[in-house]
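Nothing in this text is a laboratory measurement; each read-out follows from the coordinates by a stated rule. Remember, it's a predicted structure, so these values are computed and weren't measured experimentally. Note: ideal-geometry Cβ built from the backbone for every residue, glycine included; neighbour counts use all protein chains shown.
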Amino acid sequence: MSGGEVRAALREHEVKAMVAAAGVPVPRGVVVRESDVAGARESDFAVARGLAEPLVLKAFGPGLVHKSDAGAVRLGLRADELAAAAGEMRARLDGLLVEGFLVEEQAPAGVELIVGLVGDPGFGPVLLVGLGGIWTEAMRDTALRLCPISERDARLMLDSLRGSALLRGHRGRPPVDLDAVVKLLMTVGGPGGLWERLELGEFELNPVIATPSGVTAVDARHLPGPAAPRPSVPREPADFLPLFEPRAVAVVGASATRPNFGNMFLDFYRAAGVPLVAVHPTAAEVAGVPAVPSLAAAEVDYALVAVPADRCAEVVRQASGIPYVQVMSGGFGEAGRTDLERGLAEAARAAGTRLVGPNCMGVYCPRGRQTFVGGGIGPAGSVALISQSGGLAGEVIKVGERRGLAFSRVVTVGNSADVTPAELLSWLARDTETRAVGLYLEDPRGGRELYEALGAAGLPVALLVGGRSSQGRRAALSHTGGLVGDLRVWEAVAAQTGTALVSSQDDLIGVLAFFQAHGSRVTDGDGVLVIGPSGGAGVLAADAFDRAGVRLDPLPEGVLDGLGAAAPGNPLEVPVGPRGRPGLVPEVIEAVVRRRPYGDVVAHVNVQSFFTYGDAAEPLYAYARALAGAQEALPRVRITLVTRNGECAPPGVEDEVRRIAAAAGIPVYRTMEAAAVAVAAGGRRGAA
Ligand code: ADP
Ligand code: MG
């Protein structure tokens, strides 16, 4: 359990009374306290006579958490067997304090589910449902959502279970009462549900027995814990335009004698041509840039601070009148110096400036001549990036631009002591220059705010999370705690907000390239058609799309009549090569989508086949041009190109293909896997 002490767990019957009051069906039962028991006498259990047999006997006491493991549960008892069973149980639990017994009616057998809540320290209350009972850990078949959930969420959660067939009636068994399961999920995790009233901790009903006639929670645990973040009303973001497009920039920390990190930035900015001033205690100029002694004397919209950590607060205190100060220096919270970080945030507040960082790299915005990467500034575009890591942002900019991305705004946020990714996302979502956002994050601090910003964003977002783990992070007392790992919570956040969760830097760039090319395209159809040469590659393509969660719907009958193409399948095999007719693939695409409007068409070529017998770049370009023509003729279909085996082309050829495709708004990938991930992300977006 993270976050300090856990208060004593409530007893099962106490938790059951609470959930019953909330409307969760529980078995009828009575409590027999040890203090009331004179010995194992039958009369002590007379109170159980009003219950319908068979009966269940459970011992309770402070050390009894997993009761069946300890031998503290007996099923299938008659009333006249209770006293003896209790005596045996007490003997077996020798050494554990038994406070008393819960006697309850035994619910009929059915499908056993687990329904739980965890207070995630970053994201707040999380609801979990899964196939449960004693198999919970072994099956690990669970679905998570942040609270509150909608009824649609509840149904999607159940559908997403691998074992969902068990609920819908499997091998001749009748289906369970799904509406009752949904109602239970809403009672626990829906608006006004139990999650709002409980101190979480952990809470779980395991098992809930679902049958054709309803649900019964036959076990209940609640471990109160430290308060988790709650939903909040998203705040109005600051106006970040001066951060991205400052009229003038100050750099604090460049040396007049020994060039350092700060000097590198002076060089970048000088090359970018933005009005610039250096802050230096004594020099009149630094590396040819005019200098002033203090930020107080700098008339700029943005100041970049690169002085040692213990001097940053003092610099920031002088930033009054400057809307944005970015502290690049490390040595704050990430190095255990939360005191310095707090001091920095306080200094910013006192100066009335907004603080970006510390422990980051800067801002990149071609329109605003803002940069923190060498090698010049790239073209202005529509893709934004918020990155916790400065180094990674630099790579995404450079590699992304090489692959055709054009950025609107990039900001590195480091420790986010003041300005948060959520606040920036809320602003970028309304920024007219930005049409898609990439996020790289490493910790879920401020997760709740981020979740709400993602939900409200209304533009495509790709999210890469570093350092996530599939391990349960809590030394949990409940099953739920052990099943809720960081990765699972991020997946829930993505599913609920329509965010594309990616798992590598390559895929982040690839998905952003897809959003850039196709983000504003409205498609008439749905589904994906894959088209290209070679049966084997097609078979592997189907596997790649399958792994990415995309089904390739078959072609309708008769679609290819008169086209002389190969057998109608999806992937569809059509010859493409140096001697083929470049227009064949586009013709087939147009013919197919007229009959069956696919939303996405993925065309692939084997680049190697063009270059095995000499330098056949022109036929490849002709193919790319024909495909570009198809995209222009079919504005409501998203065409994507995969140039397989591109390394077999002479230098420059792939770039030219990419250029031809990009001019028509076609994104290009080198592998089917990368294309599948991007198409899946684009499709999920449309479905959200
Ligand atoms: P544990 O603390 O080990 O989780 P439970 O209260 O969940 O103990 O009981 C163990 C198992 O016994 C449950 O998983 C369920 O299969 C069964 N069980 C417990 N109570 C009942 C009941 N009232 N009706 C039917 N089955 C029950
Ligand atoms: Mg249980």
Can you sort 328, 186 by how many other beta carbons sit within 10 Å, fewest first?
186, 328
I need the calculated FRET efficiency for the pair residue 134 and residue 339, taking r as the beta carbon distance and R₀ as 35 Å, to the nearest 0.05.
0.15
Counting pairwise Cα distances across region 496-634, what percent come out greater than 21 angstrom?
48
For an R0 of 35 angstrom, estimate the FRET efficiency from the Cβ-Cβ distance between residue 257 and residue 350 and round to the nearest 0.05.
0.65
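So if R0 is 45 Å, what FRET efficiency would residue 546 and residue 613 give, r being the distance between their Cβ atoms, rounded to the nearest 0.05?
0.85
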Label-point separation, residue 406 to residue 294 (7 Å along Cα→Cβ), nm:
4.4
Skipping prolines and chain starts, which residues have an amide H placed within reach, meaning under 5 Å, of the one on residue 531, given they are 5 or more residues away or on another chain?
572, 602, 603, 604
Cβ-based exposure ranking for 534, 213, in which fewest neighbours within 10 Å come first
213, 534
Pairs of lysines 8 or more apart, or on different chains, with alpha carbons under 27 Å: count those in the chain, would you?
4
Under the rule of at least 5 residues apart or a separate chain, name every residue whose amide H is placed under 5 Å from the amide H of residue 260.
255
How do 294, 426 rank when sorted from fewest to most other Cβ atoms within 10 Å of their own Cβ?
294, 426
Mind pulling the angle between the C-alpha long axis of helix 672-687 and the longest principal axis of the chain? Nearest 10 degrees, somewhere in 0 to 90.
70
What is the helix-to-structure angle for 261-272, meaning the angle in degrees between its Cα long axis and the longest Cα principal axis of the chain, kept from 0 to 90 and rounded to the nearest 10?
50
Charge context of residue 642, other residues only, Cβ under 13 angstrom, K/R +1, D/E -1:
0
Checked the chain with the C-alpha gyration tensor, a ≥ b ≥ c its square-rooted eigenvalues, rounded below a/c of 1.5, otherwise prolate if a/b is larger than b/c and oblate if not; verdict oblate
Nearest-ten-degree value, helix 447-456 long axis tilted from longest Cα axis of the chain
60
Inter-label distance, nm, simple model (7 Å from Cα along the C-beta direction), residue 522/residue 367:
2.4
Taking amide H atoms as placed 1.01 Å from N in the peptide plane, list the residues 5 or more away in sequence, or in a different chain, whose amide H sits under 5 Å from that of residue 356.
325, 326, 327
Measuring from label point to label point, each 7 Å out along Cα→Cβ, what is the residue 581 to residue 622 span in nm?
1.2
Show that you can apply the helix-only estimate: for the chain, add -39,500 (n - 2.57) for every DSSP H stretch of four or more residues, divide by all residues, and state [θ] at 222 nm to the nearest 500.
-10000 deg cm²/dmol
How much of the DSSP beta bridge set in the chain is antiparallel, as a percent to the nearest 5?
50
How would you order 216-226, 20-30 from highest to lowest mean count of nearby Cβ atoms within 10 Å?
216-226, 20-30
